Structure formats: C-alpha cells, structure tokens
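Take a look at the structure below.
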C-alpha cells in the first residue's frame, strides 16, 4: 500500500534579519501556518478529504546568496490522519481502521527566484510579486499510531510486530509565489512535493505506510 502525505501551507511570513542596505538582504527568517492532509488507503478520494484536515506549521531560515538564489533551512510539522468511517463503502466502515501520524521534516533547500533581481534597482527597492522554485533534501520524522478496530488477523499481527522506521529520507521539490509587503517583510504561498524513500509496512492493511510522497505547500 502507498500513502501520499499532503501538508498544505496557506501562509508564509518572512522578515529580513539584516539592516536595510542598498543591496538585497543577506538573511531571511520566517514562519508559516496552514493545513495538513493525506492521501492513501484510508482516504475516501483520489486527492484528499476535508474531514481529515489538520493544522501544520513551521519555521525557516534563508541565506540569500544572490538576488535570485538562496539556501533555506526549514522545520515543518503537521498531523495527518485517516479513517475508514469517512468512506461510503460499507466494507470500509465495517473494517473501521484509522490512524494519526505526526510528521515533522527538517530540510535544506536551494531556492531560485528568476525575477528576484527586479526587486532592487541600484540603491532603490521595488515591491514585486515573484514566483520561485525550490529543491533539496530532508529528513522526515514519522510517528504513526494506527487503530485496527480490535482486529487481530495475520496482516494486522504482521504490522504490529514490524519495527517501524520513524526517520525517513525525503527530497523536497516545489514552487512558490512571494509578494513584498515592504523591504523587511514579505508574504508567500508555496507547494512542494516530498518523495519518501522508505517502506514502513510490508503488508497491505496498515493505514500508516509512508512509502510514497507528502506535500508541503
């Protein structure tokens, strides 16, 4: 079984950490808040269900190498969940599996803003709305808590006996949009795909298998 973990960040607020100068700021720090959701065996649609929307938040520190490129250290956390009772299928309801999983990610990303040089014209600053791309590597820390609804068949026993790996390698990649409120503060909206490179469960019944991808946006 594969699950798709979806973390959807609605708002990113970033502020400069250096005094105003004639050039771009060298360091940015910020935070974001949004929603977390999931796709997989216990989600009733091919995308995600609003029934299992949870809070997500995080922090970032970015070193601006140039007006267009920067390196970003990020910490993101959010709870994902799923429940067979969200399905219309009576077999799913009868099975009654559910899960919760607190997923946290520590990442190092390269960020490219192709039109970032339009923000600074000599010693002057201009507010712009600018897209950017990012990619990098990270570690996802997973803490699944499945509820098998009292079942004890062979598949459930195999899942319960397995030593679940809780630290997973991921390679984030995504897009974003930044708007400058002023020289010191900006707002952003972004979405990123996070492939995860570890199978947590060997069977087909555990709802918290983390082979697949999660998304931070």
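Of the strands (runs of 3 or more DSSP E) lying entirely inside the stretch 1-86, those containing at least 2 residues that are modelled with pLDDT of 75 or more and in contact with a helix residue (DSSP H, G or I) (Cβ under 8 Å, 6 or more places away or on another chain) are 69-83. Tallying residues that are in a strand (DSSP E or B), surrounded by fewer than 21 Cβ atoms within 10 Å (Cβ to Cβ) and at pLDDT 90 or above within the stretch 110-133 yields 7.
Residues in the stretch 162-175: is at least one at pLDDT below 85 and exposed (fewer than 13 other Cβ atoms within 10 Å of the Cβ)? Yes. Residues of the stretch 62-84 that are surrounded by 15 or more Cβ atoms within 10 Å (Cβ to Cβ) and over 20 Å from residue 171 (Cβ atoms): 64, 67, 68, 79, 81, 82, 83, 84.
Go through the residues of the stretch 178-200 one by one and say whether even a single one is surrounded by 14 or more Cβ atoms within 10 Å (Cβ to Cβ), within 16 Å of residue 72 (Cβ to Cβ), out of contact with any helix residue (DSSP H, G or I) (no Cβ under 6 Å at 6 or more places or on another chain) and at pLDDT 90 or above. Yes - at least one qualifying residue is present in the stretch 178-200.
The values are calculated or read from the model by the stated rules, or taken from the named source; none is laboratory data. Worth saying up front: this structure is predicted, and the values here are computed from it rather than measured. Every residue, glycine among them, receives a Cβ derived from its backbone with ideal geometry; neighbour counts consider all protein chains shown.
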